[in-house]
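**Q** Have a look at this one before I ask anything.
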Amino acid sequence: MSTSPSDHKQSEVPDIYRLAAKTKGVFINPALVEPFGLTLIEAAAYGLPSVATKNGGPVDILKALNNGLLVDPHDQKAITDALLKLLADKNLWNECRKNGLKNIHHFAWPEHCRNYLSQVDHCRNRHPMTHLGIPSIHEEPMSESLKEVEDLSLRFSIEGDFKPGCELDAATRQKKLIEAITLMSSPSGSPSINYSPGRRQMLFVIAADCYNSNGESTGHIQDIIKNVLHAAGLSLGLGKAGFVLLTGSSLSETMEALRLGPVNAEDFDAIICNSGSEMYYPWKDMVADMDYEAHVEYRWPGENIRSMVLKLARVDDESNDDIVEFGKASGSKCYSYSIKPGIKIRKVDTLRQKLRMRGFRCNLVYTRAASRLNVVPLFASRMQAMRYLSVRWGIDISKLVVIVGEQGDTDYEQLLGGLHKTLIIRGVVEHGSEQLLREEDNLKREDLVPFESPNIHFLEESYEAQHILAALDGLGVK
């Protein structure tokens, strides 16, 4: 049997790779010229050996993965021989499979970032008279989180004096370069690591989207916050744990929800609202982080997108008042729209595509049980806000614990995977918004989220402090 990923729906492609690997098949890319070869990397990730053209990117890919054979795409016999060799020689097939799975990390984002930094350092080493002057930093050194972050899009700029004759070994130069980049990332020029409420060993990020069918906050969120604060204090001790509230609601709605429960806004080190577009610090009189606001502003179309969303989000037969702008929740970096219950509205993937075709790039999030649509800048999201704080406060991304329900807003899936730890509490979210995330023929959640990961732990409906404490212990949080 032969097939091509391009002949199938995107959601079917992972199963095709799995089937081919399970039946001890081979993936072949016989293109005359292949500029890169992403499909070879995909096949390797599923343990599938490859036969690929010797013209272009596959040469470097197979050299790194060592999981297949290169052939001349014009030589039919060479292609046949390579396929038969892999199919007939079980030892060779198994060796290629193991090599691919072992070496696939070379094409992961953390490895790419390390290689990038190494290349930057190599270029500096070739010109020793133009070394970057490193300002003195009296605080603790920056953690390794910057080098291991998977999808960090912070825009750093380096401006400094160059000092000759300062020779350092490669590892020290790379470390100093990371510290300098982090230092220079603040427009004020002050060390970012100082901009924190205190030394925290871990951050507990509460991102449970607890809404009822009307899009109103339920009492679950106050109970979760109270119990997480108690459990984290027992696990790490007071002062060592920091707390962040991550929500799709506006600041005023968030403060109103907190006033209804036994917790205070001052219990949090940061409150991130409107789907990651706004960040506030209760320990600084609820002041907004202007550096973060400047960061997310990149490529934000602003007023130009305001009316376009109203036009494109509606399905043709819906009336004009079925979706209207909700001014009370809108801000300079977030346009919120109220949606009537039961109407037909475009899903995130379709609406995003229509906006991109018109030159608008932004993030779209349905929140509050699909009764609200938030349109925020491309660099604004709840996940990116977490990573921003990780770098800003010098806390490794692996030291973040994210608490969510088993469903939520349409950005819910972004909170599940990664180096951080995730605690999923069942039964606390009555109504989510995921039905408006993607069309039925698109990817499924199980294709994107590694639920078998040791960094993800499920907690059944009881979420008392002692149960959360036991779950944290299962995640290795002590």
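**Q** Are there any pairs, at least 6 apart or on different chains, whose C-beta atoms fall under 7 Å, with the first in region 463-478 and touching a residue at least 40 places away in the same chain (Cβ under 8 Å) and the second among the hydroxyl-bearing types (Ser, Thr, Tyr), and if so, which?
**A** The qualifying pairs are LEU469/SER235; LEU472/SER235; VAL477/SER235; LYS478/SER235.
**Q** Restricting to region 358-397, and then to whatever is crowded, with 22+ Cβ neighbours inside 10 Å and among the charged types (D, E, K, R), can you tell me which residue is nearest to SER213 (Cα to Cα)?
**A** ARG368
**Q** LEU469: buried (at least 17 other Cβ atoms within 10 Å of the Cβ) and either under 25 Å from TRP109 (Cα atoms) or under 23 Å from the mean Cα position of the chain (by Cα) (or both), yes or no?
**A** no
**Q** In region 279-291, is there at least one residue being at positive phi, touching a helix residue (DSSP H, G or I) at 6+ places or on another chain (Cβ under 8 Å) and modelled with pLDDT of 90 or more?
**A** Among the residues of region 279-291, at least one is at positive phi, touching a helix residue (DSSP H, G or I) at 6+ places or on another chain (Cβ under 8 Å) and modelled with pLDDT of 90 or more, which makes the answer yes.
**Q** A further question follows. Considering region 281-314 alone, what residues qualify as being exposed (fewer than 13 other Cβ atoms within 10 Å of the Cβ), over 24 Å from the mean Cα position of the chain (by Cα) and among the aliphatic types (A, V, I, L, M)?
**A** The one that is exposed (fewer than 13 other Cβ atoms within 10 Å of the Cβ), over 24 Å from the mean Cα position of the chain (by Cα) and among the aliphatic types (A, V, I, L, M): VAL287.
**Q** Among the numbered criteria (1) surrounded by fewer than 23 Cβ atoms within 10 Å (Cβ to Cβ); (2) in contact (Cβ under 8 Å) with a residue 40 or more places away in the chain, which single criterion is violated by ARG445?
**A** Evaluating ARG445 over (1) surrounded by fewer than 23 Cβ atoms within 10 Å (Cβ to Cβ); (2) in contact (Cβ under 8 Å) with a residue 40 or more places away in the chain leaves (2) as the failure.
**Q** Name the residues in region 315-342 that are farther than 25 Å from LEU251 by Cβ and surrounded by 14 or more Cβ atoms within 10 Å (Cβ to Cβ), would you?
**A** Result: GLU318, ASP322.
**Q** Next question, about the same structure. Need at least 2 residues that are under 27 Å from ARG445 (Cα atoms) and in contact (Cβ under 8 Å) with a residue 24 or more places away in the chain per element, so show me which helices (runs of 4 or more DSSP H) inside region 1-102 make the cut, counting only ones lying wholly within it.
**A** Where helices (runs of 4 or more DSSP H) fall fully within region 1-102 and carry at least 2 residues being under 27 Å from ARG445 (Cα atoms) and in contact (Cβ under 8 Å) with a residue 24 or more places away in the chain, they are 13-22, 38-45.
**Q** Failed condition for MET286, given (1) more than 14 Å from LEU373 (Cβ to Cβ); (2) outside the structural domain of ALA241 (by TED's automatic domain parsing); (3) of a type in the set (A, V, I, L, M), with all others met?
**A** (2)
The values are calculated or read from the model by the stated rules, or taken from the named source; none is laboratory data. Predicted, not measured: the structure shown is a model, and the values here were computed from it. Positions of Cβ are backbone-derived with ideal geometry, glycine not excepted, and every protein chain shown enters the neighbour counts.
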